[in-house]
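Colleague: Okay, handing you the structure first.
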Amino acid sequence: MTASSADKRKADLKVIILGDFAVGKTSLICRYIEGKFRAHETTIGAAFFLKQWGSYNVAVWDTAGDEKYTGLQSFYCRNAGAAILAFDLNHESSFESLWARFLPLLDNANEDCLKVVVGTKLDMLQPGSREVTQEEARRFAREINSNLDQKKLDRDPYFETSSKTGMNVTEMFEFIYQYCLPLSEDKKISSLATKRTSASTSTVDLNKPAVSAPQRTKCCFR
Amino acid sequence: MSIKAFELVPAIERLKLMSDKARTQIECIDVCGKNLYIGTNDCFVVHYILEGRPTQAGRLAFHSEKQGHKYLALKKPIDQLKAASALNRILVLCDHTLTLLNMMDLEPVMSGAKVKGVTYFCLNDNPVRGNPFSVEVCVALKKKQIQVYTITEDRIIHVKDVSIPEQANQIGIDGHFICAALASQYCMVNFETGQIQDLFPYDSESTKPVVKRISKEEFLLSGPNALGMFVTSEGISQRPPMQWSDNLLGVSYVHPYIVSLNDEFITVHSILDQQQKQAIPFQGGSTIGDFDGRVFISSAKEIYALVPVAWEKQVQALLADKRVQEALDLAKNANHAGLSKDKFLKIYRRFQQQAAFIEFSQQNFDEAKELFKEGKVDVRELISLYPGLMPSSSNFTRSIPVLHEIADINNLSKDNDEMKKDYKRFLRNYLEEIKGTTDGHGFKQVIDTALLKLYAEINWPELIPLIAVDTGCDLKDSVEWLEKYERYHALGLLFKYHGENDKAMQIWARLVNGEIKDELFPGLQFVVEFLSNINDPELVWKYIDWALEKDQELSVKIFTERPSNEPPTERFRPETVIDYLHRFPKAVIAYLEYLIFQKKLEKEKYHTHLAVLYLDSVLQLMKNNNVKKEHLDNARSKLRHMLQLSNMYRVQLILGKVKEQDMHAECAILYGKLEEHDKAMRILVHKLKDYVAAENYCFVNSQGKDPTYRKRLFHILLGVYLDPNNERKDLLVTPAVELLNRNVTEFDTAKVLQLLPENWSVQLVKQFLSQTVRKSMNFQRTVRIERMIARGENLWVKEACIAMQKSPVQMNDDKMCAVCNRAFSDPTFVRYPNGVITHVHCAKNKHVCPVTGKLFSICSKNS
Ligand SMILES: Nc1nc2c(ncn2[C@@H]2O[C@H](COP(=O)(O)OP(=O)(O)O)[C@@H](O)[C@H]2O)c(=O)[nH]1
Ligand SMILES: [Mg+2]
């Protein structure tokens, strides 16, 4: 779904995905939002998706990896609470681009922006075709998040995904939400509950003060 | 992806404008109400009155009339002009100088107010200082500075300066945010705080900067690679970018469309999905602007208006292209000016209805369903697409103008059976969903009839509940349909629902007889239930023979399971029924059982009858040698149960027959009934040697009688055991002792001691004796305790009484009754514990104070 005027309401979290051309950024987001792997046109400039998670609205921004859009990418990074740095497991150059080209763009993002490194096209790995080892990618992911509160990170922010099979895609986004939209225990329950009754999730009053929701559920669950 | 959102209409043509000077060109324009101003490249400001009038063809044509012109004598082009009707002024930028002209006569203001060194200016549509007699203007200067001014009729008042890193080419303002295109990048400036936020870079070589205010705190900028970028005053984007074509010249916005101009095309994008919707070839365009929602475009010599095609027409066109989502999005977001909410909703609903049928015709059933519901489509419009499903009595005709071009579903599915099935499944689901909701309101008959037909066709189990419960099905139509598809059980139910029970029974009888078949028919059971519940003795008697012949035990329920609220009738009197059932022995038994055990009728005739029937069946079984013992036992225990339970049958009659057959257990019961307990127990002890039964006999036969009766029975039994004339009496010592030990309380110890034979050792009856002693000790002590408690209570009450009477009550003539307020004439009176004094007859309740309502409990001391 592309955003329409109705989506002008503010999102609670902005997630941006960066990475070289054709590493599979759009496919990854498409897999997550639509649940399928399908052909699509190359991204022009940027694209935008809204996702409901519990009572939160998450804006997911897809960017074009093309060099010619570099100036815009940094603009689209502004206010991002989480960034997905995507590279192709089968192409080392796409991994190098992450720190050479894309990491600097995140100066515009929030200071405590969570940076999740994602190796894509896991399904295409053949014996010997892997060009980036898990270890180095994991180390990289650790290093670039060293400014964050390590206690809140229960694992290295590194995932290897396949948009074709769906492997690790949802897990990766859930990891971001768990980190960026922390829920108290009982809020978690209520987010599950609203998920189940899907009809009730479709509208969210963003004008409502954010604190009121957990408070209310708290007293209900006590 | 195209749509006709606008039409290009000439507003001012070439000749009329510049007949005199060939090299004069339009540099900029502004429109304010009917006034149109043109700034030329040779320093003229020209004023026209422009009016749009509808032509006969329903289109818009413009008429213009020149009002005057003014030469500013600077020999430079007029770069920008902008009318400020509130001030009756035009703001003109020429030769880097911003000046004010009178809107009507185009004369410069007397004060000569001006700002120099200006490269660009814009008005604040959302001014910070909301004075209606001033406008807020932002200017970009040749030096690296932006300034904000407030302009009144003849003054230009400086408000603020903001320094910027580079010279600004283009600016837009909203509130206190200025979005500026600098030489190499865009930035957002807060002129109150002076804060500058970089947005993104662009290449001024290849990209003409554009800053267009879209709405409150949102701007549209031309980014690199011809991207239209949305930016909020916070410096972020909340919409994805838009792809324009190269060589962009300018941008306008009329909700929901972004109109852009380049050297070859006028291009229309929707702000809703950022997609291109229309492109109009247009060569030589130079400026574009929206003025109070009207878009004008100029070339060097001509001016055109972009007249919006009415949104209804656009939506209709989209629907004709089957672009449902776009059509509805547009309808929702179009400018509904001049429409009341109700009116709009009516129009919108009609679009939804059309959309519903489009989705329907494309088998997009989920979407169709939502739209049918939301659009509140008359359900008959839908049902009438299915041949034969409307009730034949209906005279419905489709609405005009038509909502769709569909003939019927056969036509849609082109004889593809799968698709036809899908269509029918859709209708079934849809009708089931709206049935009983407000959506289905008023169409019960239509909906139920259609459902019945759909169900009947595929033999759907829901058919039965549909008919059985509050159905609105049209009878004639449905009968035909059900017969056609051989749904006989449903047909029966339908007749039943419409009160035609005889017809219903005919069908069910044929089903039971196997003349016709229907899987959904539950069988005879169902017919029996039907007959037992029906308040129509005629019908019952008509079919009862048939039913009993099929199955006696089942069919007798027609008599025994009549509705509890059925008034008693002559036709179902027990005598009548019993007489009738004569031919059906199993049915008679079941019926008598019903009368005796369920209805608890205490009529000797029924009880004796049943006992005799039970006995007969036992005798029958006994006569037959190769009968399983089990069967016989069963029959006998049934008989015994009845003999024991009932007190109504003629004992002697049964006893006579039973004795002949040596049926001892039955005999014992019957003697019990005759209160010949000694005989009964002798049978139990001597004949049956069943000591447990004998003991049990004492309990059973003393039930509901006073305890001495039971004692008597126990003593009789003990007597039987200890009968000195019995030669086998030694064998009975053990049961006798056990009897004593188990039932100590049932015996009178003194009598027992007299009865016991002398030769018995104490050891033998030790247990009995010690229990007896304990029992009487316990009794004695309990009585003593009770006595002492009673005495204590008595003392206590006495004390309370004394306490209450302790204080004197003085009575004199002044004392009045607290209730009736009259004097006391008698010496007697009532005093409540709280001191209230009344007549004796005024004290209605001695526990409640008549004045205060206070409650005095009997043991108030405790509380
Ligand atoms: N086998 C496989 N192919 C993928 C995967 N992700 C993306 N692709 C393919 O890689 C190409 C580029 O993907 P795209 O999402 O457009 O990349 P983007 O430029 O980063 O948005 C497409 O042809 C995709 O089909 C994946 O996980 N597995
Ligand atoms: Mg892409």
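Coordinate-derived values only; no laboratory data. Computed from a predicted model, the values in this text were never measured in an experiment. Here the Cβ positions follow ideal geometry from the backbone for every residue, glycine too, while neighbour counts run over all protein chains shown.
Colleague: Residues in the range B:453-469 near a label at B:ASP417, defined as backbone nitrogen under 17 Å from the 7 Å Cα→Cβ point?
Modeller: From the range B:453-469, the list is B:457-459.
Colleague: Within a 10 angstrom radius of each residue's Cβ in B:197-207, how many Cβ atoms of other chains show up on average? Whole number is fine.
Modeller: Working: counts 1, 4, 5, 10, 5, 2, 2, 0, 0, 0, 0.
Mean partner-chain Cβ count within 10 Å for B:197-207: 3.
Colleague: Select from B:LEU592, A:ALA39, B:ILE409 the residue farthest towards the positive end of the dipole of the protein assembly as shown; place +1 on Cβ of Lys and Arg, -1 on Cβ of Asp and Glu, and compute about the Cα centre.
Modeller: After comparing all options, I get B:LEU592.
Colleague: With only Lys, Arg, Asp and Glu charged, each at its Cβ (+1 for the first two, -1 for the last two), find how big the charge dipole of the range A:10-187 is about the Cα centre; round to the nearest 20 debye. Numbers along the way, then the final one.
Modeller: Values: 21 positive and 26 negative charges, 75 e Å.
Computed about the Cα centre, the dipole is about 360 debye.
Colleague: Hey, another quick one. As a quick test, which of the pairs B:LYS82/B:LYS216; A:LYS115/B:LYS216; B:LYS216/B:LYS346 have an alpha carbon distance above 24 angstrom in this structure?
Modeller: Numbers: B:LYS82/B:LYS216 20 Å; A:LYS115/B:LYS216 33 Å; B:LYS216/B:LYS346 30 Å.
Beyond 24 Å between Cα atoms: A:LYS115/B:LYS216; B:LYS216/B:LYS346.
Colleague: Pull up the cross-link candidates among the aspartates and glutamates for B:LYS599, meaning alpha carbon to alpha carbon under 13 Å and not fewer than 8 places away within one chain.
Modeller: Leaving aside aspartates and glutamates fewer than 8 places away in the same chain, those within reach of B:LYS599 are B:GLU561.
Colleague: How many nm separate the modelled label positions at B:ARG822 and B:LYS76, each set 7 Å beyond the Cα in the direction of the Cβ?
Modeller: 11.8 nm
Colleague: Using only the C-alpha atoms of the range B:6-309, find the volume of their convex hull and express it per residue in Å³.
Modeller: Numbers: hull volume 39.2 nm³, N = 304.
It comes to 129 Å³ per residue, whole-number rounded.
Colleague: Is there a pair in A:LYS36/B:LYS332; B:LYS322/B:LYS373; A:LYS68/B:LYS143; B:LYS751/B:LYS775; B:LYS517/B:LYS557; B:LYS629/B:LYS657 whose C-alpha atoms are over 28 Å apart, and which pairs would that be? Could you put the intermediate results ahead of the total?
Modeller: Numbers: A:LYS36/B:LYS332 30 Å; B:LYS322/B:LYS373 19 Å; A:LYS68/B:LYS143 31 Å; B:LYS751/B:LYS775 16 Å; B:LYS517/B:LYS557 24 Å; B:LYS629/B:LYS657 21 Å.
Pairs exceeding the cut-off: A:LYS36/B:LYS332; A:LYS68/B:LYS143.
Colleague: Okay, helix-only estimate at 222 nm for chain B: each DSSP H run of n ≥ 4 adds -39500 (n - 2.57), divide by all residues, round to 500 deg cm²/dmol; what do you get?
Modeller: Dividing the helical sum by the residues of chain B leaves -12000 deg cm²/dmol.
Colleague: Once amide H atoms are placed 1.01 Å from N in the peptide plane, what residues at a sequence separation of 5 or more from A:ALA80, or on another chain, have their amide H within under 5 Å of its amide H?
Modeller: A:ASN110
Colleague: Can you find, among B:SER204, B:ILE173, B:PRO54, the residue farthest towards the positive end of the dipole of the protein assembly as shown? Put +1 on the C-beta of Lys and Arg, -1 on that of Asp and Glu.
Modeller: B:ILE173
Colleague: Tell me, what is the FRET efficiency for B:VAL402 and B:HIS441 to the nearest 0.05, using R0 = 30 angstrom and their Cβ-Cβ distance as r?
Modeller: 0.80
Colleague: Set the Förster distance to 25 Å, then compute FRET efficiency between A:GLU34 and A:LYS68 from the Cβ-Cβ distance, nearest 0.05. Please list the in-between numbers first.
Modeller: Working: r = 27 Å, r/R0 = 1.10.
That gives a FRET efficiency of 0.35.
Colleague: Let me ask another. So what are the ³J(HN,Hα) numbers for the range B:392-404, from phi and the Karplus equation (6.51, -1.76, 1.60; θ = phi - 60°), rounded to whole Hz, Gly and Pro as x?
Modeller: So the Karplus estimates, Gly and Pro as x, are 5, 7, 6, 10, 5, 10, 5, 5, 10, x, 5, 8, 6 Hz.
Colleague: Could you work out the Kirkwood radius for the protein assembly as shown, taking every pair of different alpha carbons, averaging 1/r and inverting it, reported in Å?
Modeller: On the way: mean 1/r = 0.0240 Å⁻¹.
So the Kirkwood estimate lands at 41.6 Å.
Colleague: State to the nearest 20 debye the size of the charge dipole of chain B about its Cα centre, where the only charges are +1 on K and R beta carbons and -1 on D and E beta carbons. Could the numbers behind the result be given before it?
Modeller: Numbers: 110 positive and 108 negative charges, 750 e Å.
The calculation lands at about 3600 debye.
Colleague: With label points built 7 Å along Cα→Cβ from the Cα atoms of B:THR852 and B:GLN145, find their separation and express it in nm.
Modeller: 9.2 nm
Colleague: Additional query: Give the residue from B:THR852, B:PRO827, B:MET811 lying farthest towards the positive end of the charge dipole for the range B:809-863; charges sit on Cβ (+1 for Lys and Arg, -1 for Asp and Glu) and the dipole is referred to the Cα centre.
Modeller: Going by the Cα projections, it comes out as B:THR852.
Colleague: Can you list the residues, at least 5 places off or on another chain, whose amide H is less than 5 Å from the amide H of A:ASP88, using H built in the peptide plane?
Modeller: Here the answer is A:SER94, A:PHE95, A:THR120, since their amide H atoms fall under 5 Å of that of A:ASP88.
Colleague: OK, next. Can you compute the charge dipole magnitude of the protein assembly as shown about its Cα centre, using +1 on each Lys and Arg Cβ and -1 on each Asp and Glu Cβ, nothing else charged? Give it in debye, rounded to the nearest 20. The partial results should precede the final answer.
Modeller: On the way: 140 positive and 136 negative charges, 891 e Å.
Roughly 4280 debye, rounded to the nearest 20.
Colleague: Something else: Take each complete run of DSSP H in chain B, measure how far its Cα atoms stretch along the helix's own axis, and keep only those covering 20 Å or more with mean Kyte-Doolittle hydropathy at least 0.5; list them. List each step's numbers first, then the result.
Modeller: Details: long enough: B:341-361 (30 Å, -0.60); B:417-434 (26 Å, -1.53); B:444-458 (21 Å, 0.53); B:604-623 (28 Å, 0.11); B:629-645 (23 Å, -1.12); B:707-721 (21 Å, 0.10); B:766-805 (59 Å, -0.43).
The answer, listed by residue number, is B:444-458.
Colleague: Once phi is turned into ³J(HN,Hα) by the Karplus curve 6.51 cos²θ - 1.76 cosθ + 1.60 with θ = phi - 60°, what whole-Hz value does each residue of the range A:157-166 show in order, with x for glycine and proline?
Modeller: So the Karplus estimates, Gly and Pro as x, are x, 9, 9, 10, 10, 9, 6, 6, 8, x Hz.
Colleague: Moving on. Can you list the aspartates and glutamates whose alpha carbon sits under 14 Å from that of B:LYS815, skipping same-chain ones fewer than 8 residues off?
Modeller: B:ASP826
Colleague: Suppose R0 equals 30 Å; then what is the FRET efficiency for B:LYS4 and B:ARG129 from their Cβ-Cβ distance, rounded to the nearest 0.05?
Modeller: Details: r = 42 Å, r/R0 = 1.41.
It comes out at approximately 0.10.
Colleague: Any lysines with Cα under 16 Å of the B:LYS806 Cα? List them, leaving off those in the same chain fewer than 8 positions away.
Modeller: B:LYS798, B:LYS861
Colleague: Follow-up. List the residues whose amide H sits under 5 Å from the amide H of B:ASN126, counting only those 5 or more places along or on another chain, with H placed 1.01 Å from N in the peptide plane.
Modeller: Answer set, sorted by chain and number: B:GLY175.
Colleague: Another question, then. Taking 24 Å as the cut-off for C-alpha to C-alpha distance, list the pairs among B:LYS496/B:LYS550; B:LYS4/B:LYS66; B:LYS603/B:LYS638 that go past it. Could the numbers behind the result be given before it?
Modeller: Details: B:LYS496/B:LYS550 22 Å; B:LYS4/B:LYS66 32 Å; B:LYS603/B:LYS638 19 Å.
In this structure, B:LYS4/B:LYS66 exceed 24 Å between Cα atoms.
Colleague: To continue, here is another question. Taking the Cα-to-Cβ direction at B:HIS841 and at B:VAL612 and moving 7 Å from each Cα, how far apart do the two end points lie in nm?
Modeller: Here the modelled spin labels are 7.0 nm apart.
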